[in-house]
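Undergrad: This structure is in structure tokens; I'll ask about it shortly.
The values are calculated or read from the model by the stated rules, or taken from the named source; none is laboratory data. Remember, predicted model here, so these are calculated numbers, not experimental data. Cβ placement follows ideal geometry from the backbone for every residue including glycine, while neighbour counts extend to all protein chains displayed. Heavy atoms of the whole protein, side chains included, go into the accessibility calculation; ligands, DNA and RNA do not. Shrake-Rupley method; radii C 1.70, N 1.55, O 1.52, S 1.80 Å.
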There are 2 protein chains.
Amino acid sequence: MSEKRIHNFNAGPAALPLPVLEEIQESFLNFKGSGMSITEVSHRSNWFDDVINDAIDRTKRLMGLGDDFHVMFLHGGASLQFCMIPMNFLADGRTADYLDTGTWSTKAIKEAKIQGKNINVVASSDDKGYSYIPKNIEFNKDATFVHVTSNNTIKGTQFSDFPDTGNVPIVSDMSSDIFSRTLDAKKFGLIYAGAQKNLGPAGVCMAIIRKDMLDLVPDNIPTMLSYKTHTDKNSMFNTPPCFAIYSVQLVLKWIEETMGGIAKVEELNRAKADKLYGVFSPDGFYRGTAENGSGSLMNVTFRLPSEDLEKKFIADALAKGLGGLKGHRSVGGCRASIYNPTSMTAIEALVDFMKTFEKDNG
Amino acid sequence: MSEKRIHNFNAGPAALPLPVLEEIQESFLNFKGSGMSITEVSHRSNWFDDVINDAIDRTKRLMGLGDDFHVMFLHGGASLQFCMIPMNFLADGRTADYLDTGTWSTKAIKEAKIQGKNINVVASSDDKGYSYIPKNIEFNKDATFVHVTSNNTIKGTQFSDFPDTGNVPIVSDMSSDIFSRTLDAKKFGLIYAGAQKNLGPAGVCMAIIRKDMLDLVPDNIPTMLSYKTHTDKNSMFNTPPCFAIYSVQLVLKWIEETMGGIAKVEELNRAKADKLYGVFSPDGFYRGTAENGSGSLMNVTFRLPSEDLEKKFIADALAKGLGGLKGHRSVGGCRASIYNPTSMTAIEALVDFMKTFEKDNG
């Protein structure tokens, strides 16, 4: 059946490594000799303990995290984190700096404001349709954290380096670029990511917290919304999304054992993006929408000379087995999402198609 | 591989219908000719629209719900509902009645109190270790809702009928008995259920809301925690837990098309429970822990003459392919969870084993 699969450039839910899907499929009626599907196994069993603990251990190894970090698997996607972050970290009198670099940043800011929290938007690229990453930002030294959306899935921009925030910890939404490149974990107070882009299927959010951030958490917030609840209970205060966590575990194993770790993955991601951006030129048939130096390695956004040509491009590509190339409905145009599981073969097939399409329609 | 599967009496995550698991397995690398796994398909695609809308339609048909109800698929399990219910329905000046019939009721009450909401616990069976369902309850006529945990997974008790609350809508946690019996939906303002018992895998919570309840929802609560967000966006404000929703869709299809609807399922559930309770007697080898008339059709809890015998019973049963019979860690003893997917064959195998075990060890 795998030979009928397409090259999937969806923004999320997105392509997963084929060996991961095959392993899930193969063991689906009988997980590790339990006589049950992974969907039927108790989350209080040794079978599931092994799954979640292996996923945590691999995360720590891959990111080089010390014992000063907790790895959590939470419900609610990154969108629930937009609410939990200010609720947990901004008790009365505290403030935070937020960077506004696109749709998801804007939503994070909105959720802090709904709760009446005192936050400062210290930089925004709204003036140019979020087509660039702000530089030379002045941060408030007394901020409790700085919130950064590391990669902007919709606008196709990405922080190539994280800004220097001094001693203020960064809280970063890495939903669309977690595990795609090496990081200096010491800078971060919280890293969070909805799984459905670089990590696994939809339905679970990874959150990595530096333990001292837990000192900020008030006692009187709803139990499910407190980071303390989930660090105390190893993400099993209530029944966790077991299948999604199991899938993430297999993706992490694939990164570590098949791909050879994050540095190798990053090298490949840079080569993939270089190849694809190489097709663009400012006045050419394919025009990248991100400013120079701000383009994402994960979500490559571009326009064709007309909307009609874009429609034809997306439809013709799908007919050739290249799916998911439509831009987000809020911005239009085209987008190729090329997360870790997207192979160089898929990029080459796309670039070949783009060249042929330009010849036939340019 | 299916012949090596066990009879699974887990309390949740729990047994799923084998045909459902087989359908998931079979299509796992290529969903409906999309060339993608269901875990890779966009939630904004027609493929996924068909899944979620079919799940909603089947829920409405199976429960006989009119257009005055919305069906939602939410993140966070029933435990997040404990927080969302008072946040959405108890604006300043409003009160609610809660019934305390065991662990999960107690948690629901705790989350209302954490938010400083004005609630009244109008009945409790705490005085006898939650071994019975309270009767003749006096409700407050000015309550906004009455909260009822319809089935108590841990204590093995269940409301055989819902109490008469007059014009006050019932808000019910049905995590462990949804779709197990027919209901008069008109009584309910909200029905919610974590999927991992009667509905599907862990990772999604079904919530069915009567539309007029939405009038109670304040505007200034976090977006992800507002029922209005999820009814407005057909449960796709953010990326939903697609795989879990797909699995629920297949379980609902199985209830409707293979089992013949809820009335048929209820008939079978009553026969299954009768057969199992028939093994118990007040002074016998197997002693039910729920009082007469309060026993659950879903979670059958019982004790043996000693804890050592209970340990041996659980281990010997597993060796015979009967798994998940350990009681909840908070109460000990034994428990057979016999949700919709548990067949009469499984019950017969368990009863046969119980008789043999009693002969050998009694």
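Undergrad: About its Cα centre, what dipole magnitude does the protein assembly as shown give when the only charges are +1 on Lys and Arg Cβ and -1 on Asp and Glu Cβ, stated in debye to the nearest 20? Intermediate values should be presented prior to the final figure.
TA: Values: 78 positive and 86 negative charges, 13 e Å.
Approximately 60 debye in magnitude.
Undergrad: Please work out the Cα convex hull volume for the protein assembly as shown and give it in Å³ per residue.
TA: Numbers: hull volume 110.0 nm³, N = 724.
Once divided by residue count, the hull of the protein assembly as shown is 152 Å³.
Undergrad: May I ask you to list the lysines whose Cα is less than 16 Å away from that of residue A:141, ignoring any residue fewer than eight positions away on the same chain?
TA: Candidates past the 8-residue exclusion: A:187.
Undergrad: Could you tell me the distance between the Cα centroids of the stretch A:8-51 and the stretch A:205-282, to the nearest Å?
TA: 17 Å
Undergrad: Restricting to the stretch B:22-258, compute how many DSSP beta bridges are antiparallel as a %, nearest 5. Please report the intermediate quantities before stating the final value.
TA: Numbers: 13 of 29 bridges.
Within the stretch B:22-258, antiparallel bridges account for around 45 percent of the total.
Undergrad: Just read off the accessible area of residue B:47 with the full protein assembly in place, 1.4 Å probe, to the nearest 10 Å².
TA: 90 Å²
Undergrad: If you take each beta carbon of peptide A:67-79 and count the beta carbons of other chains within 10 angstrom, what is the mean?
TA: Details: counts 0, 0, 0, 0, 0, 0, 0, 2, 11, 9, 7, 2, 8.
Mean inter-chain Cβ contacts per residue within 10 Å come to 3.
Undergrad: I need to check one value: relative contact order of chain A, counting alpha carbon pairs closer than 8 Å and at least 6 residues apart, in percent. Before the final figure, lay out the partial values.
TA: Working: 651 pairs, mean separation 81.5, N = 362.
Result for chain A is 23 percent.
Undergrad: Roughly how far apart, in whole Å, are the Cα centres of the stretch B:73-132 and the stretch A:101-150?
TA: 36 Å
Undergrad: Considering amide H positions built from the backbone, and no H for Pro or chain starts, which residues 5 or more places from residue A:124, or on another chain, come under 5 Å of its amide H?
TA: Close amide H contacts, sequence-distant or interchain: A:100.
Undergrad: How shielded is B:24-37 by partner chains, expressed as the average number of their Cβ atoms within 10 Å of its Cβ atoms? Can you show the working numbers first?
TA: Numbers: counts 7, 7, 3, 2, 7, 10, 7, 0, 0, 1, 5, 10, 11, 12.
Counting other chains' Cβ atoms within 10 Å and averaging over B:24-37 gives 6.
Undergrad: Next up: DSSP loop (so not H, G, I, E, B), at most 16 other Cβ within 10 Å: list which trypsin sites (Lys or Arg not before Pro) in the stretch B:52-121 pass both filters.
TA: Working: sites: B:58, B:60, B:61, B:94, B:107, B:110, B:113, B:117; in loops: B:94, B:117.
Of the trypsin sites (Lys or Arg not before Pro), the ones in loops of the stretch B:52-121 whose Cβ has at most 16 other Cβ atoms within 10 Å are B:94.
Undergrad: At 7 angstrom along the Cα-to-beta-carbon line, where would the label on residue B:32 sit relative to the other copies? Give the distances in nm, shortest first.
TA: 3.3
Undergrad: I would also like to ask the following. Based on the Cα coordinates of chain B, what is the per residue volume of their convex hull in Å³?
TA: On the way: hull volume 48.2 nm³, N = 362.
So the per-residue hull volume is 133 Å³.
Undergrad: Restrict the search to the stretch A:1-47; then list the GluC sites (Glu not before Pro) that DSSP places in a loop and that have at most 13 other Cβ atoms within 10 Å of their Cβ.
TA: Values: sites: A:3, A:22, A:23, A:26, A:40; in loops: A:40.
Qualifying residues, ordered by number: none.
Undergrad: Provide an ascending nm list, one decimal, of label-point separations from residue A:214 to the equivalent residue in each further copy; define each label point as 7 Å from Cα along Cα→Cβ.
TA: Taking the point 7 Å beyond Cα along Cα→Cβ, the inter-copy spacings are 4.0 nm.
Undergrad: Among B:319, B:96, B:271, whose mean-square fluctuation peaks in a Gaussian network model of chain B (Cα, cutoff 10 Å)?
TA: Residue with maximal mean-square fluctuation among B:319, B:96, B:271: B:319.
Undergrad: For the pairs A:272/A:326; A:107/A:135; A:253/A:320; A:113/B:107; A:253/B:32, note any where the Cα-Cα span goes beyond 23 Å.
TA: Working: A:272/A:326 19 Å; A:107/A:135 21 Å; A:253/A:320 31 Å; A:113/B:107 29 Å; A:253/B:32 28 Å.
Over 23 Å apart, Cα to Cα: A:253/A:320; A:113/B:107; A:253/B:32.
Undergrad: For peptide B:231-240, what's the mean number of Cβ atoms from other chains within 10 Å of each residue's Cβ?
TA: On the way: counts 0, 0, 0, 0, 0, 0, 2, 10, 13, 5.
Mean shielding by partner chains, rounded to a whole number: 3.
Undergrad: Identify all aspartates and glutamates with a Cα-Cα distance to residue A:4 below 15 Å; exclude those on the same chain that are fewer than 8 residues away in sequence.
TA: Leaving aside aspartates and glutamates fewer than 8 places away in the same chain, those within reach of residue A:4 are A:22, B:26, B:40.
Undergrad: Here's another thing I want to ask about it. Could you rank A:130, B:286 by how accessible they are, 1.4 Å probe, largest area first? Each step should come with its number before you reach the end.
TA: On the way: A:130 25, B:286 0 Å².
Final ranking, largest accessible area leading: A:130, B:286.
Undergrad: Probe 1.4 Å, all protein chains in place: accessible area of residue A:281 in Å², nearest 10?
TA: The value for residue A:281 is about 50 Å².
Undergrad: Need one word for the stretch A:170-240: rounded, prolate or oblate. Basis is the Cα gyration tensor (sqrt eigenvalues a ≥ b ≥ c); a/c below 1.5 gives rounded, then a/b vs b/c decides.
TA: Working: a/c = 2.49, a/b = 1.30, b/c = 1.92.
Cα axes put the stretch A:170-240 in the oblate bin.
Undergrad: Sequence-distant or interchain residues sharing an amide H contact under 5 Å with residue A:286, placed H: which?
TA: Distant-sequence amide H within range of residue A:286: A:281.
Undergrad: Sticking with this structure for a sec: One decimal, nm, shortest first: give the distances between the label point of residue B:93 and those of the same position in the other copies, each label point 7 Å from Cα along Cα→Cβ.
TA: 3.5
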